[in-house]
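Working notes, structure below.
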Amino acid sequence: MSANRLKQERLEQQMKDKKPLYTPAEAVYEANRCLYCYDAPCIKACPTGIDIPRFIKKIATDNIPGSAKTIFSANMLGYSCARVCPVEVLCVGACVYNDLNHQPIEIGRLQRYATEKALGQEKESGKKLFTPQPKTDKKVALVGAGPASLACAAYLALSGVQCDLYEKNELPGGLNTTGVAPYKLFALDAMDEVNWILQHGINLKTRMALGENITLDALCDSYDAVFLGLGLGADRALLDHPAVWGATDLIAKIKNDPDFQLPHTDSAVVIGGGNTALDIARELAYLGVKDVLMVYRKGIQDMSGYRHEREAAMKQGVRFMEFGLPKSLTTENGLITGLTLTFSNGLPDFEISTPFVIEAVGQEKHGQNWGLKTEKDGTLSVDPRTFETSRSGVFAGGDCVNGGKEVVNAAAEGRDAAFAMLKRWNIPSQFLKEV
């Protein structure tokens with residue numbers, strides 16, 4: 001079953017691919033630089049534990065399907081992760097070449113090459129990378145069609161389990177579709193990955209929201225297990241004004257809405273210091289906003305956003321203001337005309353003239369809404385090995401559990417939950433031996 005397609009005319013189409021696809025010659029050259037380390041540190045740095053030297057060696061020998069199968073066996077979201085993972089602090093950051101003062105292997109770009117080429121070959125030839133096992137009598141409901149649920153459903157469906165995926169929005173894919181910076185992953189590419197996963201026999205039901213037209217009790221009564229991949233809630237707000245944007249809402253508009261245009265302004269202020277704040281600041285700069293200012297409550301070195309993302313933002317002209325907190329808005333006829341900041345380091349209050357204010361200060365957690373045990377921060381409490389919640393037969397993974405980590409973490413948690421179900425039901429799987 002295919003997911004709905006997006007229209008081409010969207011703002012994200014104006015941005016260029018940050019790390020374009022390798023040519024075959026480039027891929028083979030880079031693959032042959034790999035030392036194929038024994039006990040490779042890059043594998044340990046990958047949350048899904050992909051056998052990185054193995055898939056790279058297969059690229060070097062032009063075994064593209066074999067390379068892709070190595071990747072997908074450990075991470076069914078291997079295509080998007082190749083593009084959105086912060087490899088600089090994961091696999092690439094762990095490459096032994098860093099200690100030898102050499103350029104580390106471009107693992108993410110090699111992973112993209114293998115997965116993108118293999119999926120293209122699969123589509124052209126009709127020869128599938130994976131053949132589903134015979135159907136079993138088990139069925140699982142998965143709530144939320146983001147990376148965690150997609151990974152979980154893929155491993156279950158290919159192992160013969162019926163999977164029904166319930167998504168509250170019209171478009172599946174979670175933040176890959178709505179929230180990842182376009183220069184990393186376009187929404188159409190995210191949808192292609194979703195459709196590839198769905199074609200393995202997964203049923204997608206959109207406009208189905210937990211607590212509205214479906215309930216956890218009803219799902220538990222109808223299925224052998226339930227997986228919750230609910231993500232996070234709405235953007236948190238410091239300023240109470242309808243013209244202030246939440247960062248994830250604005251990114252979704254840029255990525256998905258063909259009718260959306262940015263306000264006609266040369267300036268914007270982004271409040272926050274995490275990766276989402278950096279993403280929207282960079283997107284605005286890409287789209288022609290001349291003066292993008294990031295305001296953070298602490299020093300720039302204390303920002304939770306990755307250093308390489310911060311340095312990239314600086315190269316694009318994004319400015320940073322430290323120790324600042326939003327105090328009040330200046331408005332005229334209901335429109336924002338300025339933002340007053342107060343400073344924790346003793347500087348006097350300062351007003352910035354701008355009509356465009358974006359907050360990126362985190363998202364709400366809604367784990368406490370479903371009658372399940374939660375952690376102090378509001379995320380769902382799960383068994384760290386099986387990802388089963390406090391309710392027997394109900395599993396969970398992704399941002400609703402980890403509070404907002406990377407796509408690769410969600411993929412790992414969805415996979416491990418699927419494996420826990422398969423082991424519980426004594427269902428053999430072609431993947432259990434791979435990880």
Do you know which residues across the stretch 352-384 are of a type in the set (G, A, S) and closer than 29 Å to P326 by Cβ? S353, A360, G362, G367, G378
Would you be able to say whether some residue in the stretch 366-382 is basic (K, R) and closer than 30 Å to G49 by Cβ? yes
Restricting to the stretch 333-390, what's the tally of residues that are assigned to a strand (DSSP E or B), touching a residue at least 60 places away in the same chain (Cβ under 8 Å), of a type outside the set (S, T, N, Q) and closer than 28 Å to M294 by Cα? 7
Restricting attention to the stretch 38-60, the residues that are outside any helix (DSSP H, G or I) and either in contact with a Ser or Thr (Cβ under 9 Å, 6 or more places away or on another chain) or in the same structural domain as A418 (by TED's automatic domain parsing) (or both) number exactly 2
Just one of the numbered conditions (1) in contact with a helix residue (DSSP H, G or I) (Cβ under 7 Å, 6 or more places away or on another chain); (2) closer than 30 Å to G334 by Cα is not true of G273; which one? (1)
Scan the helices (runs of 4 or more DSSP H) fully inside the stretch 106-217 and keep the ones with 2 or more residues being of a type in the set (V, I, T) and in contact (Cβ under 8 Å) with a residue 24 or more places away in the chain. 107-125, 175-178, 187-198
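Being in a helix (DSSP H, G or I) and surrounded by fewer than 24 Cβ atoms within 10 Å (Cβ to Cβ) is the filter here, so list the residues in the stretch 396-415 that pass it.
N402, N409
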Test P147 against the stated conditions and say whether it is in the same structural domain as A31 (by TED's automatic domain parsing), closer than 20 Å to A411 by Cβ and under 19 Å from the mean Cα position of the chain (by Cα). no
Does F431 meet the test of being among the aromatic types (F, W, Y), modelled with pLDDT under 95 and surrounded by fewer than 19 Cβ atoms within 10 Å (Cβ to Cβ)? no
Can you tell me which of I202, I197, I254 is aliphatic (A, V, I, L, M), surrounded by 16 or more Cβ atoms within 10 Å (Cβ to Cβ), under 30 Å from L325 (Cβ atoms) and modelled with pLDDT of 95 or more? I254
Can you tell me which residue in the stretch 381-435 is farthest from the chain's Cα centre (by Cα), limited to those that are within 21 Å of F130 (Cα to Cα) and of a type in the set (S, T, N, Q)? N426
Of G229, G272, the only residue that is surrounded by 22 or more Cβ atoms within 10 Å (Cβ to Cβ), within 22 Å of G378 (Cβ to Cβ) and assigned by TED's automatic domain parsing to the domain that holds W370 is G229
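The values are calculated or read from the model by the stated rules, or taken from the named source; none is laboratory data. All of these numbers come straight from a predicted model, not from anything done at the bench. All Cβ positions, glycine included, derive from the backbone under ideal geometry; neighbour counts span all protein chains shown.
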